[in-house]
Amino acid sequence: MVDDHESDLEDSNFGDDLDLTPRLRDSEKRGSRLLPSLVIAAVLGVIAFVLFQGLSGATLFVRTADAAVVERNDLAERRFRLTGSPIAVSEDEFEFENNTAVRFSIACDGTAVDVIHVGNVAESFQLGVPVVLEGRWTDSASLGVSWESGANDGYYFESDRMLVEHDNEYREDRVEEAASCGGEEPDAPKSDEGA
């Protein structure tokens, strides 16, 4: 029996033939650690994207009509908020780029801006009541229309969101800013000197 035990020890490969190759389980463990890391990275990426979108919308700057005309070249096609008081409103809605739109002009401190607004018009929108519009400058050369009592200076403000002083969405700090542009009939528009 002793001889059988000794032969078993010789066959057990304790010597040079010891197999140190990693087992498949170790690589499976690494793969199982990689998946949660990828999921966490994806979630962080989505959160960063949502925060960026939210902050970029929250950082829209506001310009009064007179300041926006002076800064027109700097603003180029950037989206911003424009404030002023309506001085002329067209009663006719019209088709504009497959949407219903209205045309009007706003003014502040004697400077007029022509506007095409696409979308809902606030119920309390009327002459002399300050508005805040969101949109961007657009060259009106290809439009072929003129505004009654407007600037008619070759540009218009293309707006897709309108807030009126009496709306719930109109922030109190905007009321003070727009106050110089509202109330009684605004000053007559000046010629476009700053553009």
**Asked** Which one of the conditions (1) surrounded by fewer than 21 Cβ atoms within 10 Å (Cβ to Cβ); (2) in a strand (DSSP E or B) does Gly84 fail to meet, given that it meets all the rest?
**Response** (1)
**Request:** Inspect segment 92-107 for any residue being hydrophobic (A, V, I, L, M, F, W, C) and in contact (Cβ under 8 Å) with a residue 60 or more places away in the chain and give the result as yes or no.
**Result:** yes
**Request:** Using the structure shown, decide if Glu71 is modelled with pLDDT of 90 or more and in the same structural domain as Val145 (by TED's automatic domain parsing).
**Result:** yes
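Every residue, every condition in (1) under 14 Å from Tyr156 (Cα atoms); (2) assigned by TED's automatic domain parsing to the domain that holds Gly154; (3) at pLDDT below 80, yes or no:
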position	(1), (2), (3)
Pro36	no, no, no
Ala48	no, no, no
Leu51	no, no, no
Arg79	yes, yes, no
Leu82	yes, yes, no
Ser85	no, yes, no
Asp109	no, yes, no
Val115	yes, yes, no
Ala122	no, yes, no
**Request:** Count, please, the residues in segment 141-158 that happen to be surrounded by fewer than 23 Cβ atoms within 10 Å (Cβ to Cβ) and modelled with pLDDT of 85 or more.
**Result:** 5
**Long-range neighbours under 9 Å by Cβ, at least six apart or interchain, first residue farther than 15 Å from Arg72 by Cβ within segment 113-142, second modelled with pLDDT of 90 or more and outside any strand (DSSP E or B)** = Glu134/Arg79
**Fill in**
Given (1) surrounded by 18 or more Cβ atoms within 10 Å (Cβ to Cβ); (2) touching a Ser or Thr at 6+ places or on another chain (Cβ under 9 Å); (3) assigned to a loop (DSSP other than H, G, I, E, B); (4) among the hydrophobic types (A, V, I, L, M, F, W, C), Leu127 misses just (1)
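The values are calculated or read from the model by the stated rules, or taken from the named source; none is laboratory data. Not measured: the values here are computed from a predicted model. A quick note on method: Cβ atoms are made from the backbone with ideal geometry, for glycine too, and the neighbour counts reach across all protein chains shown.
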